[in-house]
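**Student:** Dropping the structure in here first, questions after.
The values are calculated or read from the model by the stated rules, or taken from the named source; none is laboratory data. All values reported here derive from a predicted model rather than from experimental measurement. We place every Cβ from the backbone using ideal geometry, glycine too, and count neighbours over all the protein chains shown. Surface areas here come from the heavy atoms of the whole protein model, side chains and all, with no ligands, DNA or RNA. Shrake-Rupley method; radii C 1.70, N 1.55, O 1.52, S 1.80 Å.
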Amino acid sequence: MGVHHVMGTGKYLGLPFMIGKSKSSIFSFIKDRIWNCINSWKGRSLSKAGKEIMIKLALQAIPAYIMSIFILPDVVVNEIERMLNSFLWGGRSNSKGIRWKAWDKLTCSKDVGGLGF
């Protein structure tokens with residue numbers, strides 16, 4: 001009949017066809033996309049408010065569709081949060097920057113004093 005057996009390594013609408021046991025390696029493409037965006041913006045001089053807008057509008061939108069369908073592993077979520085944190089507080093490419101407020105406080109809504117990440 002001409003039908004070929006293909007391993008489930010493809011994607012449809014940006015989502016993987018098959019999910020195996022190693023979910024963190026399957027969803028690593030989300031971290032790669034976020035990391036590419038962060039690296040493309042590191043050369044620009046953005047203020048803290050500009051970085052906040054970039055995180056809220058662009059970086060949090062990348063995993064939103066996937067997270068509406070799949071439950072991401074905690075390892076992947078923690079690494080994404082770590083990347084966002086380092087982008088917000090980071091200085092130049094070599095320095096870590098000073099964390100002026102805890103990340104869990106920033107993720108609270110604006111009504112209770114956070115930034116709403």
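**Student:** From Ser86, Ser47, Ser40, which residue is farther than 25 Å from Ser22 by Cα, open to solvent by less than 60 Å² (accessible area, probe 1.4 Å) and modelled with pLDDT of 80 or more?
**Tutor:** On the way: Ser47 fails: open to solvent by less than 60 Å² (accessible area, probe 1.4 Å); Ser40 fails: open to solvent by less than 60 Å² (accessible area, probe 1.4 Å).
The unique qualifying residue is Ser86.
**Student:** Follow-up. Can you pull out every residue in the stretch 89-102 that is at pLDDT 65 or above and open to solvent by less than 40 Å² (accessible area, probe 1.4 Å)?
**Tutor:** Passing the criteria: Trp89, Gly90.
**Student:** Starting from the stretch 101-117, keep only residues that are touching a residue at least 40 places away in the same chain (Cβ under 8 Å), then list their pairs with residues that are surrounded by 13 or more Cβ atoms within 10 Å (Cβ to Cβ) and not β-branched (Val, Ile, Thr) whose Cβ atoms are within a distance under 6 Å, requiring at least 6 positions of separation or different chains.
**Tutor:** So the pair list comes out as Leu115/Leu106; Phe117/Leu106.
**Student:** Could you figure out which of (1) at pLDDT 70 or above; (2) open to solvent by 60 Å² or more (accessible area, probe 1.4 Å) isn't true of Met7?
**Tutor:** In the conditions (1) at pLDDT 70 or above; (2) open to solvent by 60 Å² or more (accessible area, probe 1.4 Å), Met7 misses (1) alone.
**Student:** Being modelled with pLDDT of 70 or more, surrounded by 15 or more Cβ atoms within 10 Å (Cβ to Cβ) and outside any loop (DSSP other than H, G, I, E, B) is the requirement here; does Lys105 meet it? Before you say what the answer is, go through the steps one by one.
**Tutor:** Details: modelled with pLDDT of 70 or more: yes; surrounded by 15 or more Cβ atoms within 10 Å (Cβ to Cβ): no; outside any loop (DSSP other than H, G, I, E, B): yes.
Here the answer is no, as Lys105 does not meet what is asked.
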